[in-house]
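I am attaching a structure below and will ask some questions about it afterwards.
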Amino acid sequence: MKIIRAAHLGMCFGVRDAIALALQHAKERPLTILGELVHNEAVLTSLRSQGIRIAPQPELVETPTAMITAHGASERAIKRARGLGLNIIEATCPLVDFAHLSVAKLVRAGYHPVIIGKRDHVEVRGLTEDLAEYDVVLDEKDLDTLKERARFGIAAQTTQPIEKVRHMVSMIRQRFPNSEVQFTDTVCQPTKQRQLAALDLARNSDVVIVIGGANSNNTRELVTTCGRYCSRVFHVQDAAGLRADWFFGTSTVGIAAGTSTPDAVIDEVEERLEAFAREAAECTTELTHPLSLVATA
Ligand code: SF4
């Protein structure tokens, strides 16, 4: 059984930088992160083990300092947290900042903002909370909720697949032929690279293992992408989630991983797959050994 890794996989620079910033501040003062810094249980457990607290909202923070995650937050949310007397550190990824700036620019230019993404995702809440009016759409059926506007300004959650985003933009153009539709591509480069690499991997694998947190949007998108070219795609959070029977009769296993998956977790999954491969090879050797053939004849 051959094991191959996607050309691009695992933790992106935005998540790495946010973790480094949290660890650096936590050395100097008690720190609470507002919400999940990343949607990955292994990373969160490691942060907690180093004394960092995690609270879902500013009212529940018990340390003087709180950190905004890489997913960003609205000005309104940051103001509210400061209003509670909290010292706020921002670990917002620069590519999420770019999405905020792009949406603000579209609104200033008179476009009605439409975000392609998940309405209840923390990044999308951050992108929309400061807006007086907006729409969030994820798939074609959501387009029924859009009213005709003279000008639509479209941006996307940074972790949406770019192909799907482009398709949604063209659907909006078709549905509202009299409207001016301006699209700013805010899907981040690491997401694009991982999506493209996952497609290539799925085309060349019998089984694909996608590693990432159960709540990780970009990991779930990778599962969907791989599923278009490979019928056996499994999502695991870590090596403990693997099952030997997924790999019977398999010649190539591909590994992909979301942007919040640590290298150590990817390495553990690969090691476990190598162990399965060794066991499968030993099993085949035993079955094809001349003595075993005599014994079963
Ligand atoms: S997934 Fe993209 S936008 Fe999100 S933290 Fe990583 S690089 Fe930044």
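Read the figures in this text as sums done on the coordinates, not as results from a lab. Note that this is a predicted model, so its numbers are computed, not measured. Because the Cβ atoms are built from the backbone with ideal geometry, glycine has one as well, and the counts that use them run over all protein chains shown.
Quick one: which of 217-223, 122-128 comes out on top by average Cβ neighbours within 10 Å, and what's the full order, highest first?
Peptide ranking by packing, descending: 217-223, 122-128.
If you average the sequence gap of Cα pairs under 8 Å that are 6 or more apart and divide by the length of the chain, what percent do you get for the contact order?
Dividing the mean separation by the residue count of the chain yields 22 percent.
What number do you get for the stretch 90-245 when its Cα radius of gyration is normalised by 2.2 N^0.38 Å, N = residues?
Dividing the Cα radius of gyration by 2.2 N^0.38 Å gives 1.14.
If the label point is 7 Å along Cα→Cβ of K105, which residues in the stretch 130-158 have backbone nitrogen under 15 Å from it?
153-156
From the cross-link list K141/K192; K27/K105; K79/K105; K105/K141; K79/K164, which pairs have alpha carbons spaced over 32 Å apart?
Where the Cα-Cα span goes over 32 Å, the pairs concerned are K27/K105; K79/K164.
Using r as the Cβ-Cβ distance of D17 and R175, and R0 as 45 Å, what FRET efficiency do you calculate, to the nearest 0.05?
Efficiency, from the Cβ-Cβ distance: 0.70.
If R0 is 30 Å, what FRET efficiency do you get for N215 and A277 from their C-beta distance, rounded to 0.05?
Here the calculated transfer efficiency is 0.50.
In whole angstrom, note down how far apart the Cα centers of the stretch 180-200 and the stretch 222-262 are.
Going from one Cα centre to the other spans 22 Å.
Under a point-charge model restricted to the Cβ atoms of Lys and Arg (+1) and Asp and Glu (-1), what is the dipole moment magnitude of the chain relative to its Cα centre, in debye to the nearest 20?
About 800 debye.
Could you tell me the relative contact order of the stretch 37-134? Use alpha-carbon pairs under 8 Å, at least six residues apart, and round to a whole percent.
27
Now, a different point. Determine, from the Cβ-Cβ distance of D206 and R82 and an R0 of 45 Å, the FRET efficiency 1/(1 + (r/R0)^6), rounded to the nearest 0.05.
Once rounded, the FRET efficiency stands at 0.25.
What ranking, highest mean first, results for peptides 197-209, 161-173, 240-252 when packing means the other Cβ atoms within 10 Å averaged over each residue?
197-209, 161-173, 240-252
If you don't mind, there's one more thing I want to ask. Can you give the relative contact order of the stretch 95-187 as a percent, counting alpha carbon pairs under 8 Å and 6+ residues apart?
Relative contact order of the stretch 95-187: 35 percent.
Still on this structure, I have one more. Please give the Cα centre distance for the stretch 27-47 versus the stretch 84-124, rounded to the nearest Å.
21
Additional query: Starting from the 7 Å offset along Cα-to-Cβ, what nm value, one decimal, do you get for the label separation of A240 and D267?
Inter-label distance under the simple model: 2.0 nm.
Here is a further query. How large is the dipole of the stretch 13-93 about the Cα centre if only Lys and Arg carry +1 and Asp and Glu carry -1, each at its Cβ, rounded to the nearest 20 debye?
140
Shifting gears a bit: Using only Cα atoms, find the angle between the long axis of helix 217-227 and the longest principal axis of the chain, and express it within 0 to 90 degrees, rounded to the nearest 10.
Compared with the principal axis, the helix lies near 50 degrees.
Still on this model: Need the full-extension length gain, F98 to D139, defined as separation in residues times 0.36 nm minus the C-alpha distance. One decimal, nm.
Residue separation times 0.36 nm, minus the Cα-Cα distance, leaves 12.4 nm.
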